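Novice: Have a look at this one.
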Amino acid sequence: MKKLKIGICGWGNVATGLFNTIKNNNDKIRLNGNLDIEIVVIGARRDNPKCNPGDIKIERDIFDVIDNEIDVVVELIGGVEVARDLILKAIKNKKHVVTANKAVIFHHGDEIFNEASANGVKVLFESSVCAGTPIIKLLTEELSANNVTKIAGMLNGTSNFILSNMEEGADFKPILELAQKEGYAEPDPTFDIEGMDAAHKIGILSSLAFGTPLPPGDFYVEGISKIEKIDFKYAKEMGYTVKHLAVCKNNEDKIELRAHPVLIKDNSYLANLKSVRNGIEVETDLLGTLHIAGSGAGQESTASGVVSDLVHLANSNINISKSTKKNKCDLIDFLSLSFQYYFYIKAEDIPGVMASITSMFAEKGVGIESIVQKEDLKENMVPIVLITDPFIESDHKDLVTNILNLDSVNEVRSIRIETD
Ligand SMILES: NC(=O)c1ccc[n+]([C@@H]2O[C@H](COP(=O)([O-])OP(=O)(O)OC[C@H]3O[C@@H](n4cnc5c(N)ncnc54)[C@H](OP(=O)(O)O)[C@@H]3O)[C@@H](O)[C@H]2O)c1
């Protein structure tokens, strides 16, 4: 049986979950993974009242963990710059690294992988995307004979929790507060609800599937904070629901990378994944469309992914760090893409308002697939809901501004429609 001596850096949620998983599931890991994991040292700048590490050595300075006799540094501190320094120091000291940290891989992945390859060690990061739900090694190993053409995923559990509850009639603010109370959302939820967390994850998946750099450069990121529950009502009437989708796609040898809310068909696979679940669709040439779903957060599911990396380290010769494998690809200009759009326009209920709004679309050459004037709102306002034909993204901002400039209009909201 293989043996790995590990040092864990950080002593929070995931680290203590990993400690308990290794302790409680040791027989399973030995049997299924052919691996005996010994936790030699823990880097904890303070004790964690929720977990007693027994007689395992504690280093109060996480960087001192690296100086111990260990094969692997497990980085579970989160954040970007200190985590980068820690990982690079571990690599230079010829230690393998396992991390659950999407932010550090997104911002410094190429540098880290290059350094690892120069020092003959590996860096594994299964839990950085969708916690332990297998996607990294699935892309890099199981699908190695496939040409991946598109990956689309709901990669942020907090956003999916909020949107699924809004679909059932909840308002954004109270459901965000509930998510925070239940521990699904951070006290500062900005990263989750403004799309950055999902953007980090799709950036990592894109690097693995298409060789885009890490960091990948600017791409379009929008969160869910402007979605209203009424959007779900109108979307449903047209056979859609609203989800937050992160997408990477090979588009004529340039890579489409984006993370934003979309309307998707309400009978689709992803539309039916509710609450905190993460879900991913991978389109491939040999296997067709593959669906993966599972818990995208939580100490147990994240520990599951970390252990899978340790098992891989002990038993596989494959190096999944993409910098050694892929040619670099450029990102496509988001403004050159075309989308169908859902528009919600709140306008005064006066004669001619519909004509003035539709003329704004005509001016930009944007076709309208359907348009409905809904029941009255208060104060003589009416909602007008329409679906456009596909039009180029570079016209979108101007179109919204032009509609908002109409005296009779006081609110415009638009959501892209994901059609394939
Ligand atoms: N939680 C999840 O469900 C989940 C899922 C997937 C991936 N991840 C990733 O896993 C990593 C850990 O997340 P977590 O939820 O376990 O976070 P956490 O509960 O906040 O724990 C972080 C730990 O790292 C320590 N730490 C942070 N910065 C440090 C520094 N500069 N020096 C020394 N110690 C430091 C913290 O110490 P103090 O307590 O003293 O601050 C704490 O012990 C993150 O990268 C996260 O993105 C988490």
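Novice: Quickly work out the E411-to-N48 label distance, labels modelled 7 Å from Cα along the C-beta direction, and quote it in nm with one decimal.
Specialist: Output for this residue pair reads 4.3 nm.
Novice: Further, regarding this structure: Quick one: Cα centre-to-centre distance for segment 101-171 and segment 332-352, in angstrom?
Specialist: 32
Novice: Based only on other Cβ atoms within 10 Å, what is the fewest-to-most ordering of Y269, Y342?
Specialist: Y269, Y342
Novice: Helix-only estimate, please: 222 nm mean residue ellipticity of the chain, summing -39500 (n - 2.57) across DSSP H runs of length 4 or more and dividing by its residues, to the nearest 500.
Specialist: Computed mean residue ellipticity for the chain: -10000 deg cm²/dmol.
Novice: I'd like the Kirkwood hydrodynamic radius of segment 336-417, using the inverse of the mean 1/r over distinct C-alpha pairs, in Å.
Specialist: Computed over segment 336-417, the radius equals 12.7 Å.
Novice: Can you find, among V72, P49, I29, the residue sitting farthest towards the positive end of the charge dipole of segment 20-80, where Lys and Arg contribute +1 and Asp and Glu -1 at Cβ?
Specialist: P49
Novice: Also: Can you tell me which of G223, G279, G33 moves the most in a GNM of the chain? Springs connect C-alpha atoms under 10 Å apart.
Specialist: Looking only at G223, G279, G33, the largest GNM fluctuation is found for G33.
Novice: Given segment 16-99, what count of lysine pairs have C-alpha atoms under 26 Å apart, with each pair 8 or more places apart or on different chains?
Specialist: So the count works out to 10.
Novice: Can I ask one more? Based on other C-beta atoms within 10 Å, arrange S206, S336 from fewest to most.
Specialist: Fewest-to-most ranking of S206, S336: S336, S206.
Novice: Additional query: Measuring from centroid to centroid over Cα atoms, what is the spacing of segment 228-296 and segment 175-189 in Å?
Specialist: Each part reduced to its Cα centre gives a spacing of 23 Å.
Novice: If I model a spin label at Q373 and L31 as a point 7 Å from the Cα along the Cα→Cβ vector, what separation in nanometres do I get?
Specialist: Result for the modelled spin labels: 7.0 nm.
Novice: Using the crude model of +1 on Lys and Arg Cβ and -1 on Asp and Glu Cβ, and no other charge, please compute the dipole size for the chain relative to its Cα centre, in debye to 20.
Specialist: 1460
Novice: While we're on this one: Output wanted: per-residue J couplings in Hz (rounded whole) for segment 293-309, from phi through Karplus 6.51 cos²θ - 1.76 cosθ + 1.60, θ = phi - 60°, x for Gly and Pro.
Specialist: 9, x, 5, x, 7, x, 5, 6, 5, 5, 4, 4, x, 5, 5, 4, 5
Novice: Most exposed first by the Cβ proxy, i.e. fewest other Cβ within 10 Å, how do M154, M1, M166 rank?
Specialist: Least crowded to most crowded, the residues run M1, M166, M154.
Novice: Turning to a different aspect of this structure: Pick from K50, K346, K150: which is most flexible by mean-square fluctuation in a GNM of the chain where alpha carbon atoms under 10 Å apart are linked?
Specialist: Among K50, K346, K150, the largest GNM mean-square fluctuation belongs to K50.
Novice: Report the residue, chosen from P213, P53, P261, that carries the largest GNM mean-square fluctuation when the chain is represented by alpha-carbon nodes joined by springs under 10 Å.
Specialist: P53
Novice: Through the Karplus equation 6.51 cos²θ - 1.76 cosθ + 1.60, θ set to phi - 60°, convert the phi angles of segment 18-28 into ³J(HN,Hα) values in whole Hz; use x for Gly and Pro.
Specialist: So the J values, rounded to whole Hz, are 5, 4, 5, 5, 5, 5, 7, 10, 4, 4, 5.
Novice: Once the Cβ-Cβ distance between S338 and N315 is put in as r, and R0 is 51 Å, what FRET efficiency do you end up with, to the nearest 0.05?
Specialist: Step by step, r from the Cβ atoms, then E = 0.65.
Novice: In whole angstrom, how far apart do the alpha carbon centroids of segment 371-420 and segment 12-60 sit?
Specialist: Cα centres, segment 371-420 to segment 12-60: 53 Å.
Novice: Just how large is the dipole of segment 138-294 about the Cα centre, in debye to the nearest 20, putting +1 at every Lys and Arg Cβ and -1 at every Asp and Glu Cβ?
Specialist: Using Cβ point charges on Lys, Arg, Asp and Glu, segment 138-294 gives about 260 debye.
Novice: What is the calculated FRET efficiency for T149 to E186, with r their C-beta to C-beta distance and R₀ = 45 Å, to the nearest 0.05?
Specialist: 0.85
Novice: Which ³J(HN,Hα) values, rounded to whole Hz and listed in residue order, are derived for segment 356-362 from phi using the Karplus coefficients 6.51, -1.76 and 1.60 in 6.51 cos²θ - 1.76 cosθ + 1.60 with θ = phi - 60°, glycine and proline given as x?
Specialist: Values, residue by residue: 5, 5, 5, 5, 5, 5, 4 Hz.
Novice: Right, here's the next one. Just to verify a number: FRET efficiency for D64 and T358, C-beta to C-beta distance, R0 = 45 Å, to 0.05?
Specialist: Efficiency for this residue pair is about 0.10.
Each value in this text was obtained by applying a stated rule to the coordinates, not by laboratory testing. Bear in mind the structure is a predicted one, so any value in this text is a computation, not a measurement. For neighbour counting, all protein chains shown are included, and Cβ atoms are generated from backbone atoms with ideal geometry for every residue, glycine included.
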